[in-house]
Structures are given as C-alpha cells and as structure tokens.
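Here's the structure we're looking at; comments come further down.
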Ligand code: DLL
C-alpha cells in the first residue's frame with residue numbers, strides 16, 4: 001500500500017526531471033538568502049545557473065555539522081524568523097548542539113513524509129501506534145507523531161523512558177506497532193520478561209526502529225524475541241528528522257524519498273562522488289526545505305545506493321542499511337573497526353545477549369580493544385570451564401572477522417547499561 005502512489009512510484013525519468021527543477025530552485029534560494037552558501041559558492045567560483053544537470057551538483061561545496069555549529073543557532077536559515085514555526089536540535093557529543101528550523105510548509109512536508117514512511121512499513125488507520133521515541137528537541141518523537149496522526153492511526157505518545165509503564169500501555173491499550181530505537185526495543189523485551197509478560201500475549205505486530213545503527217543480525221534477534229516484523233527507518237535532524245528513508249516489506253534497503261532529498265555517495269577521504277552501488281559516505285541535498293535548505297550535507301553515515309527497481313513498485317532509490325558512522329569507526333593498530341562488525345559476530349554465537357560494549361584503551365604505545373559481552377542467565381550459571389570456552393570462542397570469532405587481537409570480557413546478565421534512546425557502544429579511554 002502506498003500513501004502517495006504518484007510520487008512514490010514516479011518513473012525514473014520524470015523523477016529526475018522533478019529533482020533537477022527542485023535542485024535548481026534550492027540552489028538559487030540559498031544563494032540569494034543564506035550568506036554562508038553565497039560566500040562558499042563564490043569562493044568555489046560557482047553560480048546558481050552553473051547547475052544545469054543533476055550531475056552538476058558535484059560542483060557545489062559540501063556542508064558539514066561544523067558549518068551548522070559555526071552558524072549557531074540560526075545563521076543558515078533561509079527565511080525570516082517570523083516564518084519559522086518549530087525548532088529542533090540535535091545534541092551530538094561535543095560542543096554546541098546543531099539547531100534546525102521548520103516553516104509551516106516544512107512541517108507539512110515532514111508530516112506527509114512520515115505518513116508515507118509509516119504506510120510503507122504497513123501502518124494503517126487501524127494501527128495502535130505507541131511512539132516511544134523521545135518527545136522534545138529530538139526529532140524522533142514529534143516527527144513520528146504527526147505522521148501517525150496524518151494516517152489516522154491511534155497514537156500513544158508515550159515518549160522514551162518509564163519502561164514498565166510502556167509495557168503496561170502495550171498490554172492495556174493493545175499496541176500493534178511500536179516505534180523506538182532498536183536498543184530500546186530490546187530493553188522493553190527484558191522488562192516484559194521481568195514483569196512475567198510474554199510478547200506473544202500482546203497484540204504487537206511490528207516495530208519501526210531507527211535513530212542508531214543496527215545490524216541484520218540484530219533485526220533477526222528483535223523479531224524473534226518480540227515475535228514482530230522489524231522495519232528500519234532512517235533520518236537526521238539536519239535534513240528533516242525521521243522520514244528520509246524507510247524499508248518496504250521487501251526489507252531490501254531503505255527507499256530514500258528522492259522527490260525531497262537528493263542522495264550521493266562519496267569517498268569520505270577524497271570527497272569524490274562514487275558510482276551507484278559503491279560503498280561510501282551518504283551526502284544529502286534537500287530539494288524542498290524552506291527554513292533550512294541544506295546543500296550536500298555530509299551525513300558521516302556509511303552506506304551504498306541501489307537504483308534498481310523494487311518489487312514493491314516504489315521507484316525511489318534504496319539505501320543499504322547504514323553500517324555505521326565514520327565517527328564511530330575506531331582504528332586499532334591501523335585496522336578499521338565498526339561496532340556493527342562486532343554486533344554481527346556476537347549475535348551469531350548462542351548464549352550471547354545482544355548487549356555489548358567496545359572499550360578502547362592505549363597500553364604503552366599500543367591500542368587495545370576489549371569487548372564486553374553479556375551472556376545469558378543460563379550460560380552465566382554454567383560451570384566456569386564452559387564460560388571460559390565461550391570466551392575463547394567469541395575471541396576467536398572476533399579476531400577472525402576483525403583481523404586484530406581482541407580481549408573479551410564476559411559480564412553478568414544485565415550489567416551493561418540499557419538505553420532508552422540511542423545506545424552507547426564505544427568507550428574510548430584514549431580520548432578521556
Ligand atoms: O536520529 C532522526 C530519527 C529519529 C531517525 C527516529 C529515525 C528514527 P539525529 O538525532 O539527528 O536524528 O541523528 C541522526 O542517527 O546521521 C545516523 O548516524 C543515525 N541514524 C538515524 N537513523 C538510523 C538508522 C535522528 N536507521 C543520526 N540506521 C544519523 C543507522 C541511523 N543509523
């Protein structure tokens with residue numbers, strides 16, 4: 001089922017024409033109204049009318065999170081404040097937050113996109129949607145909320161936290177669809193168990209999870225534990241919030257809504273645009289945003305794009321599940337390690353729980369990686385010898401995949417901090 005079949009299934013040629021028209025408009029608008037973009041384009045010797053084809057986008061300068069920070073809070077807005085009706089912000093780990101704004105039309109667009117996304121993942125007016133993304137400055141809560149109302153589903157705005165109450169609401173209100181981060185979904189499952197409630201006794205059918213990287217193995221784990229269908233949703237505040245891309249029931253990549261966002265994949269080192277199918281950093285240009293149009297935003301998210309048609313009938317490009325952020329990549333003795341690589345290995349080993357931490361430290365001049373792994377209650381109460389064997393097996397598997405020496409520490413069930421939002425997977429003691 002589609003929310004907006006005309007847009008979602010638009011033939012490629014028409015879609016590209018629409019994108020080009022909107023790209024040109026956006027470039028003219030930022031050049032006219034945002035000094036930052038005008039200065040950068042002037043410095044690069046490029047004028048708005050130099051953009052004549054979609055490929056010409058490569059001549060435009062990139063925008064980074066630092067550009068947003070340097071123009072904190074409202075310096076990149078392309079409309080007067082009197083036209084801005086909502087502000088969100090994304091905290092990040094260091095320094096000032098990045099601030100984003102929306103006009104009335106931007107909010108309309110966002111709501112439509114979220115309606116599209118929810119419908120794509122199977123939600124209807126009969127769905128009981130419990131929205132456990134945080135409400136507030138974070139875009140997850142309100143973004144999902146308005147989309148869910150738009151499709152006339154029943155929305156429970158439970159926001160993040162108070163997990164026992166979340167479970168009670170699910171049970172009493174008959175929640176059919178849960179929206180939250182994948183790590184929070186796992187935490188909810190644990191609390192259900194503590195409360196003696198089996199997910200099978202609930203009406204829960206599906207979950208729409210995002211806001212943090214999660215692997216295919218993690219999807220299988222969540223689907224098996226909760227007995228639901230788990231969909232991946234992608235987005236970021238700087239572009240609009242959730243609703244940039246979402247999986248259809250094929251679950252073979254996330255359809256990125258190209259009538260509003262133009263994606264590119266670049267080599268994160270050289271900045272060069274890579275051909276379709278290549279893996280690299282996702283760069284997005286907004287095509288319809290009014291308050292905060294963004295040109296070639298470097299997301300830091302690593303993925304690839306697939307322009308082949310999808311059997312669901314949607315023509316929009318599919319982005320591969322995000323493997324991780326280039327910021328989350330840790331380099332241990334010259335080898336690149338992503339938490340997602342560790343996650344995939346761990347979840348393939350029976351007796352291991354989907355809760356883990358990567359601890360990076362420097363011993364003398366050498367970097368060391370220690371992986372903390374939670375084991376199941378049953379395994380933990382086994383003989384010491386069996387635990388030792390499990391530890392060795394995990395180490396062997398991790399070392400085989402990562403190609404570096406790794407220490408493994410098996411920790412007690414429930415000893416790694418649970419998250420109600422984005423999970424923290426890395427503690428880098430070298431930076432402390
Ligand atoms: O996380 C928006 C969002 C809310 C998306 C709810 C999905 C659901 P930010 O806080 O600005 O916005 O964080 C954006 O989160 O650049 C990615 O690194 C990461 N991220 C978001 N969705 C996914 C996903 C929201 N499905 C940053 N898979 C992005 C992997 C994701 N990473």
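The values are calculated or read from the model by the stated rules, or taken from the named source; none is laboratory data. No experiment lies behind these values; they were computed from the predicted model shown. Using ideal geometry, Cβ is built from the backbone for each residue, glycine included, and neighbour counts are taken over all protein chains shown.
So which of 147, 161, 207, 143 is in a loop (DSSP other than H, G, I, E, B) and assigned by TED's automatic domain parsing to the domain that holds residue 229? Before the answer, list the steps.
On the way: 147 fails: in a loop (DSSP other than H, G, I, E, B); 207 fails: in a loop (DSSP other than H, G, I, E, B); 143 fails: in a loop (DSSP other than H, G, I, E, B).
Testing whether each residue is in a loop (DSSP other than H, G, I, E, B) and assigned by TED's automatic domain parsing to the domain that holds residue 229 leaves just 161.
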**Report entry** Matching option when the condition is touching a helix residue (DSSP H, G or I) at 6+ places or on another chain (Cβ under 7 Å), within 26 Å of residue 56 (Cα to Cα) and either at pLDDT 95 or above or not assigned by TED's automatic domain parsing to the domain that holds residue 336 (or both), among 215, 288
**Finding:** 288
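May I ask you to list the residues in segment 311-330 that are more than 14 Å from the ligand (Cβ to nearest atom) and either closer than 15 Å to residue 277 by Cβ or free of Cβ contacts under 8 Å to residues at least 12 places away in the same chain (or both)? Explain how you work it out, then say what you get.
Just the residues of segment 311-330 that are more than 14 Å from the ligand (Cβ to nearest atom), to begin with: 311-317, 330.
Hit for segment 311-330 is 317, nothing else.
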Query raised in the report: If you scan segment 111-135, which residues turn out to be crowded, with 22+ Cβ neighbours inside 10 Å and within 11 Å of the ligand (Cβ to nearest atom)?
Result: 114, 117, 131, 132, 133
Query raised in the report: farther than 20 Å from residue 241 by Cα and at pLDDT below 95, is that true of residue 10?
Result: no
Query raised in the report: Among the candidates 49, 37, which residue alone is surrounded by fewer than 14 Cβ atoms within 10 Å (Cβ to Cβ), part of a helix (DSSP H, G or I) and over 26 Å from the mean Cα position of the chain (by Cα)?
Result: 49
Query raised in the report: Between a first residue in segment 105-132 that is free of Cβ contacts under 8 Å to residues at least 40 places away in the same chain and a second residue that is crowded, with 24+ Cβ neighbours inside 10 Å, which pairs have beta carbons less than 7 Å apart while being 6 or more apart in sequence or on different chains?
Result: 111/147
Query - Close pairs from segment 198-224: first closer than 19 Å to residue 127 by Cβ, partner within 16 Å of the ligand (Cβ to nearest atom) and assigned to a loop (DSSP other than H, G, I, E, B), Cβ under 7 Å, at least 6 apart - result: 206/121; 208/121; 209/181
Query - All positions within segment 250-280 that are within 16 Å of the ligand (Cβ to nearest atom), crowded, with 19+ Cβ neighbours inside 10 Å and in a loop (DSSP other than H, G, I, E, B) - result: 253, 257, 260
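Considering segment 143-165 alone, what residues qualify as being more than 30 Å from residue 106 (Cβ to Cβ) and either within 14 Å of the ligand (Cβ to nearest atom) or touching a helix residue (DSSP H, G or I) at 6+ places or on another chain (Cβ under 7 Å) (or both)? Talk me through it step by step, then tell me what you get.
At the first step, the residues of segment 143-165 found to be more than 30 Å from residue 106 (Cβ to Cβ) are 162-165.
If the condition is that a residue be more than 30 Å from residue 106 (Cβ to Cβ) and either within 14 Å of the ligand (Cβ to nearest atom) or touching a helix residue (DSSP H, G or I) at 6+ places or on another chain (Cβ under 7 Å) (or both), then 163, 164 are the ones that fit.
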Query raised in the report: Name the pairs: first residue in segment 235-249 and within 8 Å of the ligand (Cβ to nearest atom), second residue modelled with pLDDT under 95, Cβ to Cβ under 7 Å, at least 6 apart or on different chains?
Result: 237/90; 237/98; 238/98
